[in-house]
Amino acid sequence: MTVTLVLVIAMAVLFACGVYLLLERSLTRMLLGFLLLGNALNLLLLVMSGAAGDPPIGKSSEGITDPLPQAFALTAIVITFAVSAFLLALIHRSWTLSRADEVEVDEADVAIRSARGESTDEDDTEIDTDADTGATPDDGHERHHETPTDERAGSR
């Protein structure tokens, strides 16, 4: 096996694992999937840049490595870092507000999907409806994640 083939296989495994993790409901797994996709993209840029060449210091311009893929790789690293930091901040905010790391099912989306007649998975819905009226137990009430306020509110 050549080095390029090993990099292509590693890139394919990173892409597959990254996409799988992005499709999970856990925010932390989504972040890890995004990081894996960023690393796979960097490997793609490395493989697509071609064989290594001579450094750009010398008298002739033959055999010099093209610097554009390296610039793309550096840009991809910076963008991946920035988006990862933003996702980590969102995960932290979600954890401090609701103590949950899962993305919940949006009931409005489920209602639209069922109105269109598309099949819904039982694992995705998690909504109990009344057989006679079709109403959910929360109808008329907004859904909020409550934080314990008894200790914090009393100490002010």
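Within region 91-121, the set of residues being without any contact (Cβ under 8 Å) to a residue 40 or more places away in the chain and among the hydroxyl-bearing types (S, T, Y) comprises T96, S114, S119, T120. Taken together, the residues in region 47-77 that are within 20 Å of V19 (Cβ to Cβ) and open to solvent by 90 Å² or more (accessible area, probe 1.4 Å) amount to 1.
Scoring F86 on the criteria (1) within 26 Å of D106 (Cα to Cα); (2) in contact with a helix residue (DSSP H, G or I) (Cβ under 7 Å, 6 or more places away or on another chain); (3) loosely packed, with under 14 Cβ neighbours inside 10 Å leaves a single failure, condition (2). Of the residues making up region 88-107, those that are of a type outside the set (G, A, S) and not in a helix (DSSP H, G or I) number 7.
Would it be correct to say that T80 is part of a helix (DSSP H, G or I) and either modelled with pLDDT under 80 or surrounded by 13 or more Cβ atoms within 10 Å (Cβ to Cβ) (or both)? Yes, satisfied. Listed by first and then second residue, the pairs linking a residue in region 39-65 that is without any contact (Cβ under 8 Å) to a residue 40 or more places away in the chain and assigned to a loop (DSSP other than H, G, I, E, B) to a residue that is surrounded by 12 or more Cβ atoms within 10 Å (Cβ to Cβ) and of a type in the set (A, V, I, L, M, F, W, C), with Cβ atoms under 7 Å apart and 6 or more places separating them unless they lie on different chains, are G53/I64; P56/I64.
Remark: pairs (first residue in region 1-27, over 29 Å from G50 (Cα atoms) and assigned to a helix (DSSP H, G or I); second residue basic (K, R) and open to solvent by less than 70 Å² (accessible area, probe 1.4 Å); Cβ separation under 6 Å; 6+ apart in sequence or on different chains) are absent.
The values are calculated or read from the model by the stated rules, or taken from the named source; none is laboratory data. None of the values given here were measured: they were computed from a predicted structure. Note that each Cβ is placed from the backbone with ideal geometry, even for glycine, and that neighbours are counted across all protein chains shown. Surface accessibility is based on the protein's heavy atoms, side chains included, excluding ligands, DNA and RNA. Shrake-Rupley method; radii C 1.70, N 1.55, O 1.52, S 1.80 Å.
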